[in-house]
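Novice: This is the structure I want to talk about, given as structure tokens.
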Amino acid sequence: MTCALSDAVLILLGVIGFQQIVDQAAWLEPVFLYLGAGFLFVYGVRSLWNALRSSEALAPASGKTASLMATLGVCLALTWLNPHVYLDTVLLLGAVSTRFPGNELVFAAGAVTASFLFFFSLGYGATLLRPLFAQAKAWRALDVFVALVMWAIAGKLLLGA
């Protein structure tokens, strides 16, 4: 819930803030759009590289569990101190939202809904997928899938679809 709510705040900040920036300097919109597509392309390359080179698998640590406050602190730090979250939510989603003039808040609502679905699926699905991701080939397959998705999104941004 902590990560999903943080993501929602950042998405709204990106959509509302980016529109104000574009209103003041319209030339920034295509710049950020191309930078976002470039970021997604590089992210896809990195994922494919991991798929080809990595042999890591999930190996959960055994032992004492962290307290609720320590876990929340880690969640907040991973969200708010992560530069990628600002690229993804504020810049990339902010830039994409400008493609829907007059419907930016509807776009934001859809992005927030998708974010909540992602985080809750990740949280609840982790238990179910734990045995699968104990195998290195499952991680490689996921990395290939992520690369393809990132490239597809970058292509759609560049083609205006």
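The values are calculated or read from the model by the stated rules, or taken from the named source; none is laboratory data. Since the model is a prediction, treat every value here as computed from it, not as a measurement. No Cβ is skipped: glycine too gets one built from the backbone with ideal geometry, and neighbour counts run over all protein chains shown. With ligands, DNA and RNA removed, areas are computed over all heavy atoms of the protein, side chains included. Shrake-Rupley method; radii C 1.70, N 1.55, O 1.52, S 1.80 Å.
Novice: Over the chain, what relative contact order in percent results from Cα pairs under 8 Å that are six or more residues apart?
Specialist: 51
Novice: Still on this structure, I have one more. Calculate for the chain the 222 nm mean residue ellipticity that helices alone would give, adding -39,500 (n - 2.57) per DSSP H run of length 4 or more and normalising by residue count, nearest 500 deg cm²/dmol. It would help to have the intermediate numbers written out before the result.
Specialist: Numbers: 6 runs with 117 residues, N = 161.
Value at 222 nm, helices only, nearest 500: -25000 deg cm²/dmol.
Novice: Express the relative contact order of the stretch 1-89 as a whole percentage, based on alpha carbon pairs under 8 Å and six or more residues apart in sequence. Can you show the working numbers first?
Specialist: Details: 21 pairs, mean separation 59.3, N = 89.
Across the stretch 1-89, relative contact order equals 67 percent.
Novice: I've got another one for you. Considering only protein heavy atoms and a 1.4 Å probe, what is the carbon-and-sulfur percentage of the accessible area of the chain?
Specialist: Numbers: 7590 of 10440 Å².
Result for the chain: 73 percent of the exposed heavy-atom area is carbon or sulfur.
Novice: Find the eigenvalues of the gyration tensor of the Cα atoms of the stretch 46-98, then list the square roots of 5 times those eigenvalues as equivalent ellipsoid semi-axes, largest first, in whole angstrom. Could you put the intermediate results ahead of the total?
Specialist: On the way: eigenvalues 157, 104, 9 Å².
Over the Cα atoms of the stretch 46-98, the semi-axes work out to 28, 23, 7 Å.
Novice: Enter the accessible area per residue of the stretch 31-148 (Å², integer; probe 1.4 Å; all protein chains in place).
Specialist: Here the per-residue accessible area is 67 Å².
Novice: State the answer as a single residue: which of 126, 14, 116 lies farthest towards the positive end of the charge dipole of the chain, with beta carbon charges of +1 for Lys and Arg and -1 for Asp and Glu, about the Cα centre.
Specialist: The residue sitting farthest along the positive end of the dipole is 126.
Novice: Over the Cα atoms of the stretch 117-161, each weighted equally, I'd like the Debye log10 I(q)/I(0) at q = 0.21, 0.31 Å⁻¹, rounded to two decimals.
Specialist: Those come out to -0.81, -1.00, one per q.
Novice: Just to be sure I understand: if I project the alpha-carbon convex hull of the stretch 44-161 onto a plane and average over all orientations, what area do I get in nm²?
Specialist: Taking the Cα atoms of the stretch 44-161, their convex hull projects to 9.2 nm² on average.
Novice: Taking a ≥ b ≥ c as the square roots of the eigenvalues of the Cα gyration tensor of the stretch 93-144, is the shape rounded (a/c under 1.5), prolate (a/b larger than b/c) or oblate?
Specialist: The shape class here is oblate.
Novice: Follow-up question, since we're still on this one. For the stretch 1-76, how big is Rg over Rh, using alpha carbon atoms and the Kirkwood form of Rh?
Specialist: Details: Rg = 18.9 Å, Rh = 16.5 Å.
Radius of gyration over Kirkwood radius for the stretch 1-76 works out to 1.14.
Novice: Can you give the net charge of the other residues whose Cβ lies under 12 Å from the Cβ of residue 22, counting K and R as +1 and D and E as -1?
Specialist: Net local charge, residue 22 excluded: -2.
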